[in-house]
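These notes are about the structure you will find just below.
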Amino acid sequence: MSGPGLVSAARTPNASQGAESRMTRALREASIAGALAGVLGFFFLALRTDIVTGGLEVTTRWGLWFTAIAIVFAGRLALNLFWFGHSYGAGKTAGRKITRLLPSSKIVGRVALAFALILPFFFMVLFPNRDRQYIDLSILIMTYIMLGWGLNIVVGLAGLLDLGYVAFYAVGAYSFGLSAQYLGFGFWTALPMAGLLAATWGLILGFPVLRLRGDYLAIVTLAFGEMIRVVLINWKSFTGGPDGVSGIPKPTFFGLEIGRGSGSFGDVFGLPYEPIHRFVYLYYIILALALLTNFVTMRLRRLPIGRAWEALREDEIACRSLGINTRNTKLSAFSTGAMFAGFAGSFFATRQGFISPESFTFLESAIILAIVVLGGLGSQIGIVIASVVMIGGIELLRNLDFLKQIFGPSFEPAEYRMLIFGLAMVVIMVWKPRGLVSTREPSATLKEKKLIGADQIAQGEGH
Amino acid sequence: MEYFVQQLINGLTLGSIYGLIAIGYTMVYGIIGMINFAHGDVFMIGAFISLAVFLVLTTVFGVTFLPIVLFLALVVSMLFTSFWGWTIERLAYRPLRGSFRLAPLITAIGMSIVLQNFVQVTQGARVKPLPPQIQGGVELMSGSVDGTTINAQLSYMQMIIIGTTFVLMVAFSLLISRTSLGRSQRACEQDRKMASLLGVNVDRTISLTFIMGAALAAVAGLMFMLLYGVIDFYIGFLAGVKAFTAAVLGGIGSLPGAMLGGLLIGLIEVFWSAYFTVEYKDVAAFSILAIVLIFMPSGLLGKPEIEKV
């Protein structure tokens, strides 16, 4: 509730407003924001309907309502006094400065890579009691990084907004799950197949829809994503319906199982078996897959096809007039992205050991898209940061037990995670529309590399 | 035959609700060219507010005269939902006007997540059942198939829904075609920059568009609650996608198109469930969306879009 008043105040510095002192204006705007919060929250915070025997019952929660109003009032006041303070004058002029290419993103990338490589051992040494939990979380984050990098090819490079990315993730997961169930395939056999199947589905779905414009494309991909999920739920004889597929095998290490008993990994290499080995192994698999995604993306960006993707993102009409086959270019981006989702999907299936349509809802697509967008469209390192912040931050919420002492034992922080996720999506987008890492490094350069500032990237197009 | 007539009535009822939501999509798309992804959730907000008003009036104040209760629920719900619509536009869309094309769509998705989870956290995740309030109806025809009697009945509930929708549609068409607000709206739709040069307050017009869309969504929310008797925080997503499909089918940007599209989608969904499979009724709606966009992007009543270089 921090928006009202800002824009109008910044845009119309007329005489009466100029005479008004800053404090009065801040107070007035904070009161408006508080009143608005009261109006909006009245039926949701102050009243609550609950099911009781014999119907529904309304209970009142005035305390919560007044607290919310007070928080919004105070927050708006603080924002006005300390944050928007200097923007009351003339609007900030957008400086068109060309910064020399900073080495920072490269250094950050290398440090992050080095840390990712030693991460399991880092946790095992420093947090011996909770290492399994932390490594499991790292696996989750790494899965989202991989999905983010995969979707980045579609959204960040080619500029096609895909809201149904999770469909290809589901295709990958189910192709491994079902081939393990019916054909007895192992993870490594199923992995290329899953990627191939997902890419094929990308082609099939992409072919009819890719001539649509930006936001239409988004909605149609969303529809396709939901359709695949509905089919997975209702095709009970083949996919198991809502019960999903269970008993999906774990990956082996060149035919050696990670587990107990003779012929297992520990037995051959003379290591005593510990359950953590399985997690460490899974972590390295997803790390390798993610790095493969990154490597392929970075290489493709230098090939003519990658340059065509980026050109397409900037201006489709110019592309077409320069003789680029836009349909094939779009299709290649779409199916390459889908292929990586397929890989990630089969990894997800092996990690969970169980898959059901519940894991592939629209929300999942929205989370992956949020990671790509918040990281800065097209920025590889930005996606890493966004995944760590968003997924790690959400998981962190589960463990904030001290909040229970403040708000009472019935307070469940995990309930709020999606709410906070959505808020973060809106706030970061409004605050930095180009994402957290908003500078873009050009893939192709004439003489020397120059960093492209966010304010220089063409506004308005890019669909 | 009776079965067919009954399904026809059911389809028109459902279609009226979709049409009311679709108007919100189509007006916003017409004026700022974005898909207001959170609009389905505004509809859900409207349904929750109507439920709360309804319960407060009947249980706390003990009002038993149903028309008064329904009328008050309608008015209060429209009013408060309009505030929600206005705030969403103000917070999430206005700061991004003039930013790159996908930015508002992304905040809209974020806003949709926020609204769903806000309602889930504050009102609980369980469905809220409301016993049917308006019973009875007019029997249109009666017949028997294989010994079982099948009646085609137009219930009072359905009459109210179709009637209210019709009245609102007429009022809205007049608003758009006769008033100065409608004129500035049509001006902004054609050329926002030129309209602002000619003295149209563009920001205000856009805000009012969102307010009107939200108010209609609130009406749809109340009707949905009365018709189905259960609401939860998730109803907005599917209804939103279907209403958007309706808007596209009718030709996005066109008000009669949205209503026509809504009716068609309602009919298709009901007939699909009645004669084919209930499980795949959502797939039917989604397929129509894809087919229309691919083969007939300007819809039934829309104007073809010309891309200028």
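Values in this text are rule-based calculations from the coordinates and carry no lab data. What you see is a predicted model; the values in this text were computed from it and never measured. Positions of Cβ are backbone-derived with ideal geometry, glycine not excepted, and every protein chain shown enters the neighbour counts.
Find the centroid of the Cα atoms in the stretch A:291-327 and in the stretch B:225-302, then give the distance between the two in whole Å.
Computed from Cα coordinates, the inter-centre distance equals 35 Å.
Would you please classify the overall shape of the stretch A:267-308 from the alpha carbon gyration tensor, given that a ≥ b ≥ c denote the square roots of the eigenvalues, rounded means a/c under 1.5, and beyond that prolate means a/b larger than b/c while oblate covers the rest?
Verdict is prolate for the stretch A:267-308.
Hey, can you grab everything whose amide H is under 5 Å from the amide H of B:Gly137? Only 5+ residues off in sequence or another chain; H modelled, so Pro and N-termini drop out.
B:Tyr156
Please work out, to two decimal places, the log10 of the ratio I(q)/I(0) at q = 0.10 Å⁻¹ from a Debye calculation in which every Cα of chain B carries one identical scatterer.
Log-scaled intensity ratios, in q order: -0.56.
Going by how many other Cβ atoms sit within 10 Å of their own, how do B:Val170, A:Val231, B:Val28, B:Val76 line up, fewest first? It would help to have the intermediate numbers written out before the result.
Values: B:Val170 10, A:Val231 16, B:Val28 26, B:Val76 21.
Least crowded to most crowded, the residues run B:Val170, A:Val231, B:Val76, B:Val28.
Quick check: the angle from helix B:102-123's long axis to the longest principal axis of chain B, C-alpha only, nearest 10 degrees?
40
With a Cα-only, solvent-free Debye model of the stretch A:206-319, what are the log10 I(q)/I(0) values at q = 0.10, 0.16, 0.21 Å⁻¹?
Taken in order of the listed q values, log10 I(q)/I(0) reads -0.65, -1.00, -1.10.
Rounding to the nearest 10 and keeping the result within 0 to 90°, find how far the Cα-based axis of helix B:281-295 lies from the longest principal axis of chain B.
40
Provide the per-residue ³J(HN,Hα) series for the stretch B:176-185, in order, calculated from phi with Karplus coefficients 6.51, -1.76, 1.60 and θ = phi - 60°, each as a whole number of Hz, with x at glycine and proline positions.
Taking θ as phi minus 60°, the curve returns 6, 8, 10, 8, 6, 4, x, 5, 5, 5 Hz for the stretch B:176-185.
Counting only helical runs of four or more DSSP H residues, what would the 222 nm mean residue ellipticity of the protein assembly as shown come to if each run contributes -39,500 (n - 2.57) and the total is spread over all its residues?
About -21500 deg cm²/dmol.
Mind listing the Cα extents of the stretch B:37-161 along all three principal axes, in Å, largest one first?
63, 42, 25 Å, listed from the longest principal axis down.
With a cut-off of 8 Å between alpha carbons and a minimum separation of six or more residues, what is the relative contact order of chain B in percent?
Details: 495 pairs, mean separation 111.3, N = 309.
Reported as a whole number, the value is 36 percent.
How would the stretch A:216-262 be classified by its alpha-carbon gyration tensor: rounded, prolate or oblate, with rounded meaning a/c under 1.5 and the a/b versus b/c comparison settling the rest?
oblate
Based on alpha-carbon centroids, what's the gap between the stretch A:180-204 and the stretch A:30-59 in Å, whole number please?
49
Run through the DSSP bridge list for the protein assembly as shown and note the antiparallel percent, rounded to the nearest 5.
95
Against the 2.2 N^0.38 Å scaling, with N counting residues, where does the protein assembly as shown land? I'd like the Cα-based Rg ratio to two decimal places.
Cα-based Rg divided by the globular estimate yields 0.99.
Which FRET efficiency value, to the nearest 0.05, do you get for A:Asn325 and A:Val108 by plugging their Cβ-Cβ distance into 1/(1 + (r/R0)^6) with R0 = 35 Å?
0.45
Where the centroid of each part is defined by its Cα atoms, how far is the stretch B:156-193 from the stretch B:1-51 in Å?
First find each Cα centre; the distance between them is then 14 Å.
Grab the beta carbon distance between A:Glu274 and B:Phe65, set R0 = 41 Å, and tell me the FRET efficiency rounded to 0.05.
Efficiency for this residue pair is about 0.05.
Quick one: which residues, 5 or more positions from A:Glu257 or on another chain, have an amide H under 5 Å from its amide H? H modelled 1.01 Å from N in the peptide plane, none for Pro or chain starts.
A:Phe265
If neighbour count is taken as other Cβ atoms inside 10 Å, put A:Ile233, A:Ile51, B:Ile109 in order from fewest to most.
A:Ile51, A:Ile233, B:Ile109
Could you put A:Trp62, A:Trp309 in order, starting from the residue whose Cβ has the fewest other Cβ atoms within 10 Å?
A:Trp62, A:Trp309
With r as the distance between the Cβ atoms of A:Phe254 and A:Ile51 and R0 = 45 Å, compute the FRET efficiency 1/(1 + (r/R0)^6) and round to 0.05.
Once the sixth-power term is evaluated, E becomes 0.20.
Over the alpha-carbon set of the stretch A:109-456, divide Rg by the Kirkwood Rh and report the Rg/Rh ratio to two decimals.
My calculation of the ratio gives 0.98.
Relative contact order, percent, of the stretch A:109-456 when contacts are C-alpha pairs under 8 Å separated by at least 6 residues?
Working: 516 pairs, mean separation 99.5, N = 348.
Result for the stretch A:109-456 is 29 percent.
Using each residue's phi in the stretch B:60-72, evaluate 6.51 cos²θ - 1.76 cosθ + 1.60 at θ = phi - 60° and report the 3J(HN,Hα) Karplus result to the nearest Hz, with x for Gly and Pro.
Running phi through 6.51 cos²θ - 1.76 cosθ + 1.60 with θ = phi - 60° gives 7, 8, x, 6, 10, 6, 4, x, 4, 4, 5, 5, 5 Hz.
Looking at the stretch A:336-378, which chymotrypsin sites (Phe, Trp or Tyr not before Pro) are DSSP coil and have at most 16 other C-beta atoms within 10 Å of their C-beta?
Nothing satisfies the criteria.
Rounded, prolate or oblate: which fits the stretch B:115-174 when a ≥ b ≥ c are the square roots of the eigenvalues of the alpha-carbon gyration tensor, with rounded for a/c under 1.5 and prolate only if a/b beats b/c?
oblate
Using a Cα-Cα cut-off of under 20 Å, which aspartates and glutamates could be cross-linked to B:Lys303, ignoring same-chain neighbours fewer than 8 residues away?
Hits, sequence-local ones excluded: A:Asp215, B:Glu189, B:Asp191.
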